[in-house]
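Beneath this line is the structure, given in C-alpha cells, with notes to follow.
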Amino acid sequence: PPAAELVQVGSKVTIQEEGSEPEVFTIVGAAEANPSEGRISNESPLGKALLNRKPEDRVTVDAPAGVFVVKILKVA
C-alpha cells in the first residue's frame with residue numbers, strides 16, 4: 001500500500017473496538033503524548049500495535065489492562 005496509508009508517527013488514525021464508538025488518535029513521539037487529547041505515543045501498546053498497519057486491518061493490542069482488538073477505519 002502507499003506509505004500515506006500506513007500508520008506512522010504523525011498519522012491521525014480512526015479506530016474502532018468491537019461494540020464501541022470509533023475513536024481518533026494521533027500517533028506522536030513519547031515526549032508529545034497526551035492521551036486525554038487523543039495523542040498517543042508510538043511507544044505505547046496501542047501506538048506500537050498500530051504502526052505500519054493500514055485501513056481495514058484488525059490489530060490485536062496487548063495492553064496492561066488486557067488484550068483487545070481494534071479495526072483501523074481510516075489513516076490520515
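Got a sec to turn the phi values of segment 39-55 into Karplus ³J(HN,Hα) couplings, 6.51 cos²θ - 1.76 cosθ + 1.60 with θ = phi - 60°, whole Hz, x for Gly and Pro?
Each residue of segment 39-55 in turn: 9, 10, 6, 5, 9, 6, x, 5, x, 4, 5, 7, 4, 6, 9, 9, x Hz.
Take the Cβ-Cβ distance between residue 69 and residue 48 as r, set R0 to 22 Å, and report the resulting FRET efficiency rounded to the nearest 0.05.
Step by step, r from the Cβ atoms, then E = 0.90.
At 222 nm, what value in deg cm²/dmol follows for the chain if DSSP H runs of at least 4 each add -39500 (n - 2.57) and the sum is divided by all its residues, to the nearest 500?
-2000 deg cm²/dmol
What's the magnitude of the charge dipole for the chain around its Cα centre, counting Lys and Arg as +1 and Asp and Glu as -1 at the beta-carbon? Answer in Debye, nearest 20.
Here the chain has a charge dipole of around 200 debye.
At a 1.4 Å probe radius, carbon and sulfur cover how many percent of the accessible area of the chain?
51 percent
Quote to one decimal, in nm, the extra length available between residue 18 and residue 37 on full extension: 0.36 nm per residue of separation minus the C-alpha distance between them.
Extra length available between residue 18 and residue 37 comes to 4.6 nm.
Under a plain spin-label model, where a point goes 7 Å from the Cα along Cα-to-Cβ, how far apart in nm are residue 56 and residue 8?
Once both label points are built, they end up 2.2 nm from each other.
Putting +1 on Lys and Arg Cβ atoms and -1 on Asp and Glu Cβ atoms, find which of 61, 20, 73 reaches farthest to the positive end of the dipole of the chain.
Comparing the listed Cα positions along the dipole, 73 ranks first.
Quick one: 3J(HN,Hα) in Hz for segment 56-61, Karplus 6.51/-1.76/1.60 with θ = phi - 60°, rounded, Gly and Pro as x.
6, 5, 9, 10, 8, 10
Give me the percent of DSSP beta bridges within segment 3-75 that run antiparallel, rounded to the nearest 5.
DSSP beta bridges in segment 3-75 are roughly 85 percent antiparallel.
Determine the per residue accessible area of segment 3-76 with all protein chains present and a 1.4 angstrom probe, expressed in square angstrom.
60 Å²
So, how do all the Cα-to-Cα distances of the chain break down into 5 Å bins, in percent, from 0 on up?
3, 18, 29, 30, 16, 4, 0
The values are calculated or read from the model by the stated rules, or taken from the named source; none is laboratory data. Since the structure is predicted, the reported quantities are computational estimates derived from the model, not experimental observations. Note: ideal-geometry Cβ built from the backbone for every residue, glycine included; neighbour counts use all protein chains shown. To get the accessible areas, we keep the full protein, side chains included, count just its heavy atoms, and leave off ligands, DNA and RNA. Shrake-Rupley method; radii C 1.70, N 1.55, O 1.52, S 1.80 Å.
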